[in-house]
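The values are calculated or read from the model by the stated rules, or taken from the named source; none is laboratory data. All values reported here derive from a predicted model rather than from experimental measurement. Please note: Cβ atoms are built from the backbone with ideal geometry, for glycine as well, and neighbour counts cover all protein chains shown. Ligands, DNA and RNA are stripped out before the accessible areas are found, and what is left, the full protein with its side chains, is counted by its heavy atoms. Shrake-Rupley method; radii C 1.70, N 1.55, O 1.52, S 1.80 Å.
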Amino acid sequence: MVERVVTFEPPAVTVVEISDPAAANAGIELIDVDAVQLQATPFRARRVIVRLEAATVVFHATNVRMRTRTRVLRDLVAYDTFGPQTRGTVNGLAVRPGLLLAAESEAELALVTDAHWESLAFLLAPQEIRAHLTARQRAGTFRLPLGVEALQADAEQVQRLFDWGKRLLDVATEQPGVFNDRRQERAAAQVELFEHLLSTLGGADDFEPTRIDRTRQTQSRIVKIAEEYALSKVGEPLYVTDLCKATGTSERTLAYAFKDVMGLAPVTYLIRLRLHRVREALSAATAESTTVSAEALNWGFWHFGEFSRAYKDCFGELPSDTLRRSPSQKTPLGRLTSRLQ
């Protein structure tokens, strides 16, 4: 008996309209995204993905303030650029003209995005960049990032790189067949991407943080430690005194860190984080496999009336509505369109 293995190859062009933070990973297999909505406003995000030969371009836009933690998978490296109107922070650093981020595989980017956020990520296979340079007798001019590196490049060059990526995405969404059906076009676009990126990196230096930047980076680390503590104590109540012990800070320092980074008080934000974890569990379940009260208890919500009100304030529906939806309605947690024609 011969076992037949069927593999799924995603189309070169994918557009995802996301209306639920639990759908943060919809349509993309190369990054892992954990998202928390920070405003009680209807959430809308758009992700456009263009897969070239050994590189992928990912555009992301959102309409509300969000906290996301993003990791690059599959031994890829990532370079991130931002739209001219984008406001927010990455690992505590404010987004600004000329900022370019480089991240190795599995390194985590902690982002707080304001409304009207636009970013472009270029995901690349390191061996392909080296092969590109070797073929052009420029071997040895490329260095892989270590962890997450903030780079300061010429603002106009970074803007040109962003604009090039947006033009690529505009063509891909309007004429997806150009990339889905033509390997030659994908290969040519990849060469152009490498050249634009390498040119930008050639004039980049390590970012020199200001005193304010260093303060924000410290606050971002405090928030991350508090988050990890809250998620490690699943099912237990959250107390500020415990958070202070976990982060090694005073109550005042903790409060300032959360206010400056998230715009919320510590316990308010961490309860919202746990509400998102409940929503993820309910979205992945059926009424036969779990109950609302079981998932609420799993995440430390003991007062079911207060929990239901907080859940509805956050997501615009009761937790029972989330669980009641059929699995077919839940599977695409965002609306995904594969552009084949």
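Results, tabulated for the structure shown:
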{"read-out": "Hz values of 3J(HN,Hα) by residue in region 56-69 - Karplus curve (6.51, -1.76, 1.60), Gly and Pro given as x", "value": "9, 10, 10, 9, 9, 9, 9, 9, 9, 6, 9, 10, 10, 10"}
{"read-out": "Selected from Gly147, Ile222, Thr247, residue furthest toward positive end of dipole (region 132-275; charges at beta carbon)", "value": "Thr247"}
{"read-out": "For Leu93, residues with placed amide H under 5 Å, excluding near neighbours", "value": "none"}
{"read-out": "Cα gyration tensor category, rounded, prolate or oblate, for region 110-159 with a/c compared to 1.5", "value": "prolate"}
{"read-out": "For Trp117, residues with placed amide H under 5 Å, excluding near neighbours", "value": "Thr62"}
{"read-out": "Label point distance in nm, Arg71-Arg309, each placed 7 Å from Cα along Cα→Cβ", "value": "3.7 nm"}
{"read-out": "For region 106-207, convex hull of alpha carbons as volume per residue, Å³", "value": "136 Å³"}
{"read-out": "All-pairs alpha carbon distance profile, region 36-92, 10 Å steps from 0, percent", "value": "16, 50, 30, 5"}
{"read-out": "Paramagnetic reach from Thr41 (point 7 Å along Cα→Cβ, amide N under 19 Å) across region 251-265", "value": "259-265"}
{"read-out": "Stretch gain in nm, segment Tyr229-Gln137, where the contour uses 0.36 nm per residue and the Cα spacing is subtracted", "value": "28.1 nm"}
{"read-out": "Principal-axis tilt of helix 266-283 within the chain, Cα atoms, nearest 10 degrees", "value": "80 degrees"}
{"read-out": "Charge context of Val72, other residues only, Cβ under 11 angstrom, K/R +1, D/E -1", "value": "-4"}
{"read-out": "Under 5 Å, built H, 5+ apart or other chain: amide partners of Phe82", "value": "Leu120"}
{"read-out": "Helix axis angle, 183-202 relative to the chain longest principal axis, alpha carbon, degrees", "value": "80 degrees"}
{"read-out": "Summed residue charge, Cβ within 13 Å of Ser199's Cβ, Lys/Arg positive, Asp/Glu negative", "value": "-1"}
{"read-out": "C-alpha long axis of helix 251-261 to longest principal axis of the chain, angle in °", "value": "40 degrees"}
{"read-out": "Å² of accessible area per residue within the chain, as computed with a 1.4 Å probe and no ligands counted", "value": "50 Å²"}
{"read-out": "Qualifying chymotrypsin sites (Phe, Trp or Tyr not before Pro) for region 193-254 [loop in DSSP, other Cβ within 10 Å: at most 16]", "value": "Tyr239"}
{"read-out": "Efficiency of FRET between Arg221 and Asn63 - r from beta-carbon atoms, R0 25 angstrom, step 0.05", "value": "0.35"}
{"read-out": "Rg/Rg_ref, region 174-267, where Rg_ref = 2.2 N^0.38 Å and atoms are Cα", "value": "1.82"}
{"read-out": "Three-way shape call for region 223-265 based on the alpha-carbon gyration tensor, with the a/c threshold at 1.5", "value": "prolate"}
{"read-out": "Sites matching trypsin sites (Lys or Arg not before Pro) across region 90-158 that sit in DSSP coil, with at most 15 neighbouring C-beta atoms within 10 Å", "value": "Arg136, Arg138, Arg143"}
{"read-out": "Local electrostatic count, His60, Cβ distance below 9 Å [Lys/Arg +1, Asp/Glu -1]", "value": "+1"}
{"read-out": "Reference-scaled alpha-carbon Rg (2.2 N^0.38 Å with N residues) for the chain", "value": "1.06"}
{"read-out": "Neighbour cut-off at most 16 other Cβ (10 Å), DSSP loop, GluC sites (Glu not before Pro), region 255-322", "value": "Glu288, Glu317"}
{"read-out": "Between region 253-295 and region 59-104, the Cα center-to-center distance that results, in Å", "value": "23 Å"}
{"read-out": "The chain: most fluctuating residue of Ala155, Ala226, Ala78 per GNM, C-alpha cutoff 10 Å", "value": "Ala155"}
{"read-out": "Under the Karplus curve 6.51 cos²θ - 1.76 cosθ + 1.60, θ = phi - 60°, whole-Hz ³J(HN,Hα) for region 13-26, x wherever Gly or Pro sits", "value": "10, 9, 10, 10, 9, 10, 10, 9, x, 5, 9, 4, 8, 4"}
